[in-house]
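Data first, discussion second: the structure below is written as structure tokens.
What follows draws every value from the coordinates through simple rules; no lab data is involved. Keep in mind that what you see is a predicted model, and the values were worked out from it rather than measured.
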Amino acid sequence: MSVARTPSRSHFVDVRGLDYHVREWGDAAAPAIVMLHGWMDVGASFQFLVDALEGRWHVLAPDWQGFGLTGWRSDGYWYNDYVADLDALLRTLSPDAPAHLVGHSLGANVAMMYAGVRSARVRSVVALDGFGIPAEDAAQAPAKMTKWLDALAHPERLAPYRDLGAVADRLQKNNPRLPRDKSEFLAAHWAETLPDGEARLRADPRHKLPFPTVYRMEEVYAVWEKIVAPTLWVAAAESKIPLWLAGGGDPLLEIERRRSHVPHAQLATVAGAGHMLHHDQPEAVARVVEAFLRG
């Protein structure tokens, strides 16, 4: 039996001159949930979460620019482009009503940024283990610019894998909780098979370029404080993200400090899960998400 219980379909839409791939599940007449994947991932990554949903929903999950089946940009990738792409996507995917946004990691950060500047277009926000990145000091600016220029001069390449089985091996190495059937399902969406049998990730290597700019929490907070949609932060109990954000401080205090800048945001924690909580505990995540959306 296939690991994917709920059949999906896919289509392409024009987003700012780029062919954007969108995977969807469920009845198009049902309430829409737009799910936004994280860095080096694809929309199909939400398959297990969709399978665990009990209600009647229309789930739409785009592949971000330069990932999966969506086209690559000729001029590279900037964070604000994700926000602009989401703005254009929602004009097509949910033109007549504000949308429920469920984002993981990078997708969660984009969803919260969007909700702060386009409040009328967002019905609710669920952020899965995505609470910003570590704050950076202005003094880091010269080094960041130097590192970016060096990376442009010596661009990275994504090495091919022996086959899709090797991609599945890598997914399980990254996340030991991931069972083999799920890793093989994801590998077939993460990568494509080349004529010689090798597998290549469906991702533009330029996503690995470092950012030349400093991440300023005061600017992020200014946007988050404009969010009016109900917001749920979902933390994974065994994720290393809070430790990364705290930089040696108390991770729980750091999460609460950040959450205090999102008006009326709720916090839920999923046990037995790492950063890829929608893979590790899809049923638990689905229960938390649906209870919040129905409420």
>> Using square roots of five times the C-alpha gyration tensor eigenvalues, list the equivalent-ellipsoid semi-axes of the range 1-108 in whole Å, biggest first.
In response: 22, 16, 12
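What do the square roots of 5 times the Cα gyration tensor eigenvalues come to for the chain, in whole Å, largest first, as semi-axes of the equivalent ellipsoid?
26, 25, 20
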>> Test of understanding: in a Gaussian network model of the chain with alpha carbons linked when under 10 Å, which of A237, A44, A108 would top the mean-square fluctuation ranking?
In response: A237
>> Quick check: Cα centre of the range 1-74 to Cα centre of the range 246-262, how many Å?
In response: 31 Å
>> Shape verdict for the range 97-163, please, from the Cα gyration tensor: rounded (a/c under 1.5), prolate (a/b greater than b/c) or oblate.
In response: oblate
>> Relative to 2.2 N^0.38 Å, what does the C-alpha radius of gyration of the range 170-236 come to as a ratio? Two decimals please.
In response: 1.72
>> For the chain, set up a GNM with springs between Cα atoms under 10 Å and report which of S105, S74, S119 has the largest fluctuation.
In response: S74
>> Given the range 184-295, report the % of alpha carbon pairs whose separation exceeds 21 Å.
In response: 58 percent
> Whose amide H sits under 5 Å from the amide H of W39, counting only residues 5 or more places off or on another chain, with H placed in the peptide plane?
Replying inline: L106, G107
>> Under the rule a/c < 1.5 gives rounded, and otherwise a/b versus b/c splits prolate from oblate, where does the range 215-277 land using the Cα gyration tensor?
In response: oblate
> Considering only the chain, what is the antiparallel percent among its DSSP beta bridges, to the nearest 5?
Replying inline: 45 percent
>> Please compute the contact order of the chain in relative form: average sequence separation of alpha-carbon pairs under 8 Å and at least six residues apart, divided by the residue count, as a percent.
In response: 19 percent
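Mean separation of Cα pairs under 8 Å and 6+ residues apart, divided by the residue count of the range 17-149: what relative contact order is that in percent? Could you put the intermediate results ahead of the total?
Details: 215 pairs, mean separation 32.8, N = 133.
About 25 percent, as a whole number.
Greater than 24 Å separation of Cα atoms is the criterion. Which listed pairs, K147/K173; K144/K173; K182/K240, meet it? The partial results should precede the final answer.
On the way: K147/K173 28 Å; K144/K173 30 Å; K182/K240 22 Å.
Among K147/K173; K144/K173; K182/K240, the Cα-Cα distance tops 24 Å for K147/K173; K144/K173.
Hey, how much of the P(r) for the range 55-110 falls beyond 14 Å, as a percent of Cα pairs?
On the way: 935 of 1540 pairs.
Percent of Cα pairs beyond 14 Å in the range 55-110: 61.
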>> Could you identify which residue out of Q140, Q172, Q47 has the top mean-square fluctuation in a GNM of the chain using Cα springs shorter than 10 Å?
In response: Q140
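What is the range 121-249 by shape, rounded, prolate or oblate, if you read a ≥ b ≥ c off the alpha carbon gyration tensor as root eigenvalues and call it rounded for a/c under 1.5, prolate for a/b larger than b/c, and oblate otherwise?
Details: a/c = 2.16, a/b = 1.34, b/c = 1.61.
It is oblate, given that a/c is not under 1.5 and a/b is not larger than b/c.
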